[in-house]
Every structure is written in C-alpha cells, then in structure tokens.
Amino acid sequence: MSPISSPDGSSSPVRPANSPAGEPATGPGSAAPRPRPSAEPTAPAETPATGDDPSRDDPTRHDPSRDDPSRDDPSRDDPIGPGDGGSVAERATRDLAAQFEDEKPGRVLSGPAGLLLTGAALAVGALSLWQVFRPLSQGSKYYLIIFLAGVLPLVFLAYPADLRLRARLAARPRRRTNNGGTDSERTNSDGANAGSTNGSHDTDAPVLTRLTSTTPTATDWVLVVLAVAACLYPVLPVPLGSGGGGYNAFLDRQGLLVPADLAMGTILLLLLLEACRRTTGWILPAVCLLFLGYGYYGGLLPQSWPVAHAGLDFSQLVDAFYNSDSGFYGTPLDVAASYIVLFTIYGAVLELSGAGRFFVELSAAAFRRSRTAAGRTAVASGFLLGTVSGSGAATTVSIGAVTWPLLRRAGYPPERAGGMLAAAGVGAILSPPTLGAAAFIIAEYLGVSYLQVLGWATVPTVLYYLGILLSVEIDARRSGVRPVVIDIGSPWRLLARFGYHFASLIAIIVFLAVGVSATRAVVFATLLAVALSFLDRTKDRAYRLTSARLVTALVTGVRGVLAVSAVCAAAGIITATTTKTGLGPQAAALLIGGAKAATSDPTVVLVLTALLAAVALSLLGLAVPVTASFVIGWVIVGPALLDLGVSAPAAAMFVFYFAVLSEVSPPTALAAVAAAAVTGGRLVPTMWQTLRYALPAYLTPIAFVITPAGLGLLGIGGVQRIAFAAVVTALSVAVLAVAAGGWLPGVGPAGAPERVLGALAGVTLLWLEPVPVMAGAALAAVAATGVFVRRGSAGRPKSGSPANPVEEQL
C-alpha cells in the first residue's frame, strides 16, 4: 500500500496518455493516509529494530498502520496496490488534467455510440499496427486517407460542439466542498483547495461538475457522415459525375479539380476547422483561416510589399490542400498516423500495467529521507511520468495530485509548489524516449531517424532538470522548508519487484540503436510491456493486461490521437499556403532585415534574429497547440535561421523548444494554470514561479544557435566539444539558478549585487567561446565571493527554520 495519496487520500490516478476525461479509472485507487504536518521540523530517523517506534511521536512521519483500513490485507506489502480505480477524486483529477491540456475533454460515450466509437477505434488501431509490418500497396498517402477517414468522424462523436456560451460557462470545473459551496464562493487563504485531507475529512477535493451532453446530437451524426464521405471520396472506386473513379484517377486530376473534387475538398476543409475548434478551441481555426485568407487575397496586396504574391483562386487552394503532399495529407498527418498513434497506444499500455504509479513510488522512495524529499519527488516524478505521457499539463496534474500534499506539509506556499509542479510537468514533452509530437515531425522534416532526435534532446533535458533541482534545493534552504519523512520502503525493493517497467523504455532505445525503425521499435516495446505485465504479483493481479484490458489500451491510444490528428491535418492548410505563396522565404527575409536594420555585424545579426525568433515563437505558442506552433514556426522562422548559417538540427530544436515552452509562458501558461488549480495558489504568482524554475530552458536553445560550439549541446561534434558545451552550460544553469533564487547552497543568501552579477555571468557563459566563457566564469567567481563576504559579515545564516507553511485543517 502506498503512503502517497491523492487529494482525498486515495492513491493517485493512473490516467492513460491523453485519455479523455471521465473514462473509467484504470489504476490504483485504494485509500492511504498522508504525512502529517508538524509545528516544528523533525529530522528523519531510522526505525529501530526493537523498542519503541519513534514514528509514534513524530508527526511528520507517515505510518500507514495508524489509519489504513487495509492494513490486514495480504496485498498491503505491495508498494503498488490494486484498487477500484473509480473514486470521485480520481475521476476529478483526470477531468482536471483534460481541462488544461492542448485538447478539450471529450465525451464519455455509452450505448450504440460508445460501441461504434470502440469498434472504429479498434479498427484504426489495428490498421496502424498492420501498416507497420504490411504497408498498403497503394502507398502512404492512400493509408493517410483511410486513417483520416477513421479518426475524423470519431472527433465529432467524442467531442461536443460546446457552442452556447451559457452551456460552456455552466460546464466550467467547479470544486464542491462539504459545506455546499464552491471555490468561487470560498475565501480560503491557505490555497489548499486541491490538497485536502483524506477520508471523510475531505473538505475540498476537486469534484468537477460538467453539464456537457454525453450523447451525440443529430448535428454530430450529420458531421460524422459528411466526414466519412469527404475523407473516402478520393478512393471512391465508382464515378461520381466527372469525379470519383478511384484513387489513381483522383491523383491524375491534381491541378485540374472537377466540381465534385472541389465540393468534397471544401467540405473536408470546413470539417477539419470544426474538428480543431472542438478539440483545441477557436484560435487554431482562426490562424488557419488567416493563412487561407492570405492565400486568396494576397494578390491584392501592393506588389512592393515583401509578403505580396500573385494570388491564388479558391480552386487552387483546395487543390493544394486536398490533392497534394503538403496539404491535409502532408508530413504532420503522416507523423500522427505513423508514429503518434503507436506511442499513445504504448503509453496507455504502460499506464494500465501500473508503470505510472511505479514511477511515482520510486521517486518518493529514492528521496524519502532527504531534507528536500517532497520537492525532489515532484521533479523526479515529472521526469519519469514524462517518459510515458509526453503531455505537459496532464503530467502536471498527475504529479500534483500525488505530491502537492507532501509539498504543503513541507511548508511550500501554493504558488511556489505550483511553479515547481508546472516546470517538472512540462519536462514531459522534452524527456526522451517519448518526446512531444513535434519531435517526430522534426525527424520527418530533416529526414533523420527518431533516435537522432532523441540524441539531440538528451543534454538539454538533463540541463533542464538540473536547473529545476537546483532551484528546489535553493528554495528549501532559503525558505527553511521542513523535512517530510515518507515511509515507503527501499527503492531497491521497488526496483526488484516492479523494475521490469523500465524494460520496454530501454528496449525502444536498443531497437533504435540496432537500426529498427521507430514504428517497429515502439510496437515491439508495447508487446514487451504487455508480456511483462504478467509479472504483476499484487493480490488480485490488477495490472495484468488481459484481452479486455488490451482492448481498453488500444481504444485509449486511438482516442488520444484524435485531437492531434485533427491539428496535424489542419496544419496542412498552413504548410500548403506557405509553399504555394512562398511566404516562408519572404518572412525569413523580413526577420533578417529587421535584425540588419540595427547592425551590419553578422554575429550580432544572428543573435538579434535568434532573439526576435524566440519572442515570435513564444507569442505564437500562446495561441496554438505545441504541434501547430512548431509547424508554423518551422515554415516561418526556420528559413531565417538556416539562411544565417545555423545548422538544420539546431534550427529545428530551437523552434521545438520555444514551441514547447509556451506551456509555461505567461499569460496563458497551461501547465501553470493546471498547477494553480491543483494547489489553489494565485494564478499570476504561480506563472512567475514557473518561469523562474524553467528559466534555463529559455536560454539554452539560444546557446546552440549563436555559436558553432553550441552544437555540442545537441550531442553533435566530438567528445571534447560535447563535454565543453555541457559543462559550461551546466555552470551557466547553476549560476542562473542561484541568481534567480537568491541563495548559494552551502554558503547563504545572495544580495542584489551578487544576483545581478550572477545573472550576467550565466548569460555570458551561454556564449560558448573561450573569451566569453572566461569572462562569465570570472563574474560568477566575483558573485560567489560577494556571497562569502556577506556571510562573514552577517554570521552564519539560519536556513533550518521552517517557513510559514500553509495550514490545513484535519
């Protein structure tokens, strides 16, 4: 039985990757108490073999035998115990996660509609697996047509229209309390509205109410039929007026669309815009319409303007979208249909086999007796869960539901804890081996293996989490958080019993290393995870993947790719318009021209262009999902960086990182919003705390585009270059963490002058050339000396006194 619990005291939810909110829980849900708060900090103590147990008098030590109703259960010794998986808090946590992902929460279907969705999802999943080993003889585009015909109709079944403002307002998440009120009616200053006590004392567990209809409407069914017709029209084997006639006849009409082709292409265009609106909101469809309008009306712009073009009529645009390799059936959809669907199925299999719960348990066990156990557990959980989910906001909610009670008892304010959780959760999109969807698009755009992309992401990921961990240590000493001892047993025992969950993750890397394609590697890893699930030795073998649970995993994986597929297909509007109008080179010329207007020095032009590109990408990411943000950024910003001599890997990863960081960038910052919803903290301070924790991630991408030595951060170049870049950038991250946190570990507080010098040193060190590195190191040394002098004049700082913790009523 795990001592770590969700806000109501039950085990943390196991939510398959990208699964829709409200689906039946699939993981442990048994109740367990949590560490209790104390008035004074208590150092961890070993439990003696004989005599009195000190934990009886230690209020910070969690003892499951005190109030665990299952203490006599034979499965109590299992760190990962089975549960009913259907608690209200678990469903609320999954619903809360869905609220803040790039996609909206979907319906929970039952009856005929549910059976239809399950059957269609199984068919799509089976087709995806079949395509890996026996590709369709008609080619990849034919497969994409069939795939889109399978997933697009399901979008209209799984996601409601949600058009009426009154219905949307009524469907907003509200937290009920035992006094009948909601969050909006409460004025709890402790900000602990998502971290309530366990059992019957649950005063503020997140119980979300939703008035969204769970039954498809007549309009939804009409859209389903239209989607099937418009998607399958290109392969329709019978003539339809002057159109139809089969797949080859459709391809032969490229550039010469007949009225039937134009009508079906227009219908599919409108359906994709509606699908994006249902799954991600209004902004992405608006961006697509903006590009569509630019393609149609761009010929009316003054020809002296750099972005002017000859103009395209509507039939030319529809032809580019519907019957070309850069439109609906372009690289983004190819990535969704070939890679992402397989990885979401794999993630669902891992979750259903108990891997997610194991990763959290292992993180807690590894740091259970350290002073910063709570913070370290949150960060490590974010990294390990990220290998499964690849979703920033969902990972934030998942780790927050489990670790926020620990953070609160350690004395972390809600805003600071929320910032830590959001930064750790966003690392899920940056962490190998399951990076975000954009990473697969990078592999396709650059024509490299997915293993190479993983290699490029490894060092930046390590640096990212290094920065967060250093911030955790600094906060613990500066704020005087108290230790929370987690009685969870040895991590070696956990590894011995459940370490097989790592096997499939390692297998992916091994398969890729020996030359197996990414699609086959993930399928083999999925099969391995299924086989290893039968090593589960919990009481009722709840995590063994029987045939029924395999069907659940397959359906969950396909449901997880619905929104991504709609976004990827709609991204074809952007890429096709950019290709037909030449917007990419024109925008690149504008970007470079803006930098050259300030200076003619090539190096400074590159730096200014990188900074302008970073700002543009950050603003773009505030409006659209990560995948669409990367696609737009690559076709607009990518050419500018390439024209200035930046290598393709560095340019692609630069765009990728800033697209991802939109999830922690104010004022939207989805991950920070999700974290604030879990901790009950104030939103804006939580965003700024998130920004502080994630600061290195904003600066590291600039390092690998402004100097050739920066390629070492991507693992490109010899060992000497890689080591030099990694060590110097790690020093930069450490100095920036000290400057942002105002504390030098082992020494004491840093004053304003030392923090300013530290910030300058950290930024200077990112210029990976000998002279700037020496200058940055010198500045860092001066700043550290200043901290030592300050310590000597003020006496040894008191870093052990507890901060003002958020009190909780038990």
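The values are calculated or read from the model by the stated rules, or taken from the named source; none is laboratory data. Just so it is clear, the model here is predicted, and its values are computed rather than measured. Counting neighbours? That spans all protein chains shown, and the Cβs are built from the backbone with ideal geometry, glycine included. Accessible surface areas use protein heavy atoms only, side chains included; no ligands, DNA or RNA. Shrake-Rupley method; radii C 1.70, N 1.55, O 1.52, S 1.80 Å.
Observations on the model:
- Ranked packing of 336-343, 419-426, 777-784, 697-704, most packed first, by mean Cβ within 10 Å: 419-426, 336-343, 697-704, 777-784
- Within the stretch 699-727, backbone nitrogen closer than 20 Å to the virtual label 7 Å beyond the Cα of Ala781 toward Cβ: 724-725, 727
- Per-residue packing, averaged as other Cβ atoms within 10 Å, sorts the ranges 315-322, 587-594 into the order 315-322, 587-594, beginning with the highest.
- Length gained on full extension, Ala513 to Ala286, computed as 0.36 nm times the residue gap minus the Cα-Cα distance: 77.6 nm.
- Accessible area of the stretch 302-376 divided out per residue, in Å², using a probe of 1.4 angstrom: 25
- For Glu769, the solvent-accessible surface computed with a 1.4 Å probe is close to 60 Å², ligands and nucleic acids excluded.
- Label zone at Leu619, where the point sits 7 Å out along the Cα-to-Cβ direction: the stretch 671-714 residues whose backbone N lies under 20 Å: 698-699, 702
- Average silhouette area of the stretch 693-788, convex hull of alpha-carbon atoms, in square nanometres: 5.8
- Pairwise FRET efficiency - Val238 versus Arg134, Cβ, R0 = 35 Å, nearest 0.05: 0.85
- Using C-alpha pairs under 8 Å with a sequence gap of at least 6, the mean separation divided by the residue count of the stretch 281-418 gives a relative contact order of 12 percent.
- Residue ranking by accessible heavy-atom surface, 1.4 Å probe, largest first, among Arg692, Arg482, Arg520 comes out as Arg520, Arg692, Arg482.
- The stretch 430-520 - percent of accessible surface contributed by carbon and sulfur, probe 1.4 Å: 66
- Binned Cα-Cα distances of the stretch 669-728, short to long, each 10 Å bin given as a whole percent: 22, 32, 19, 21, 5
- The stretch 231-342, relative contact order [Cα under 8 Å, separation at least 6], %: 18
- A 1.4 Å probe over all protein chains sorts Phe788, Phe654 by accessible area into Phe788, Phe654, starting with the largest.
- Rg and Dmax [Cα atoms of the stretch 379-538; Å; Rg one decimal, Dmax integer]: 17.7, 51
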